[in-house]
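These notes are about the structure you will find just below.
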Amino acid sequence: MDPTKTVDGFNQARSIMQPSPMGRESGDFEKNILNAAFDWSGQGGLKIDVKYTGKLISDADKQWIQDVVNRVEELFGPPGENAKQFTWDVQRVDPPAPAPQQKPTPNSRGESITYDAQSEMLTIKDDFMIASSDDDPIAGAQVFVPSLNFTGHIGEGLYYFFNESFEDLLISKDDDVFFRGTLSALLYDATQNYFYWTVENAKIACAPSDSIFFDPGLADLSSSLLNDILGVLDPGSPAYRAGQRLYFTYQPDIDFALASLNFTQDASSGGFNGLYASDPIPEPSTLVLVIAGIGMLIGAKKAGERFGK
């Protein structure tokens, strides 16, 4: 198995025992791979035990999980006396970045947001700041957004992208850096057609030296946009609002879910970005499966020896 390759439309990094009923359920493709590695058919089958932890899970969701278990177990026949044992830890978790309270006023323009289906990579390029005044030194500065890898659909119209490079979100012009912060991921909300995530560990050019947002390596300037953000987020500011968070958002010009067929094919669009402070709104919880068993065993045949191959 090569997790960097897609074979006959199957991404091998994610198709092994995929529990999500999104058209990529466990089936003959996975069965053939696992039989090639472990020869599990006719050897007692698989037995999957489910442990529910954390927040309460409804009976309907438990039934959904049991349907998944049944489907995976049936790939290799009914569990017998010598069934291979696996445990799935199942818990309900909230999306890590709840949607901001209001849509932002765009303050930058991206000429291209692109999704490459083969590499499952999302990129935002040629994005430049728009300021309310041409005198604002941040006007025309470039926004450097790290590329993000598509991780999957996490329910309720939400799609998750992760910053595997761990590169910072930067705003700079020439040799001056005005802003940097950690953009660890993006969520795409298909119902509203926009990407969003919180920016952590932000450093802002116009922050005073005693501020948690101060970085001596940033340019020395005064920007109305950055001052507005800093005023709301900095506990030392008279305009400080407790509980607000800094968000980065991207609003494509087209319906990106439709254009990409829910991130199964290439798509690109222009769009507007927002960098702003907002009160978050808790969203409904999303059921997430954390499976620490079958998928972890596919990397090498010798793993089969541990399970009696």
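The values are calculated or read from the model by the stated rules, or taken from the named source; none is laboratory data. Just so it is clear, the structure is predicted and the values come from calculations on it, not from any experiment. Glycine also receives a Cβ, built like all others from the backbone with ideal geometry; neighbour counts cover every protein chain displayed. These area figures cover heavy atoms from the full protein model, side chains too; ligands, DNA and RNA do not enter into them. Shrake-Rupley method; radii C 1.70, N 1.55, O 1.52, S 1.80 Å.
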Accessible-area value, Phe272, 1.4 Å probe, nucleic acids and ligands omitted, Å²: 80
Between Tyr240 and Ser209, what FRET efficiency comes out of the Förster formula 1/(1 + (r/R0)^6) with R0 = 25 Å and r the beta carbon distance, rounded to 0.05? 0.90
Please work out the Cα convex hull volume for region 140-209 and give it in Å³ per residue. 112
Modelling each spin label as a point 7 Å along the Cα-to-Cβ direction, I'd like the Lys51/Asp134 distance in nm, to one decimal. 6.5
Alpha carbon Rg of region 104-178, scaled by the compact-globule rule 2.2 N^0.38 Å: 1.29
Descending packing, highest mean Cβ count within 10 Å first, for 75-82, 173-180, 234-241 is 173-180, 75-82, 234-241
When only the heavy atoms of the protein chains count and the probe is 1.4 Å, how do Ile204, Ile130 rank by accessible area, highest first? Ile130, Ile204
Neighbours of Ala202 by Cβ distance under 12 Å: Lys/Arg at +1, Asp/Glu at -1, summed charge -1
Output ³J(HN,Hα) for region 51-59: one whole-Hz value per residue in order, computed from phi by the Karplus curve 6.51 cos²θ - 1.76 cosθ + 1.60 with θ = phi - 60°, and x for Gly and Pro. 10, 9, 10, x, 5, 4, 10, 5, 4
Quick one: accessible surface of Asp168, probe radius 1.4 Å, all protein chains present, in square angstrom to the nearest 10. 50
Keeping all protein chains in the complex and leaving out DNA, RNA and ligands, what accessible area do you get for Ser165 with a 1.4 Å probe, in Å² to the nearest 10? 60
Whole-Å semi-axes of region 143-256's equivalent ellipsoid (Cα gyration tensor): 28, 16, 12
Stretch gain in nm, segment Thr6-Ser41, where the contour uses 0.36 nm per residue and the Cα spacing is subtracted: 10.1 nm
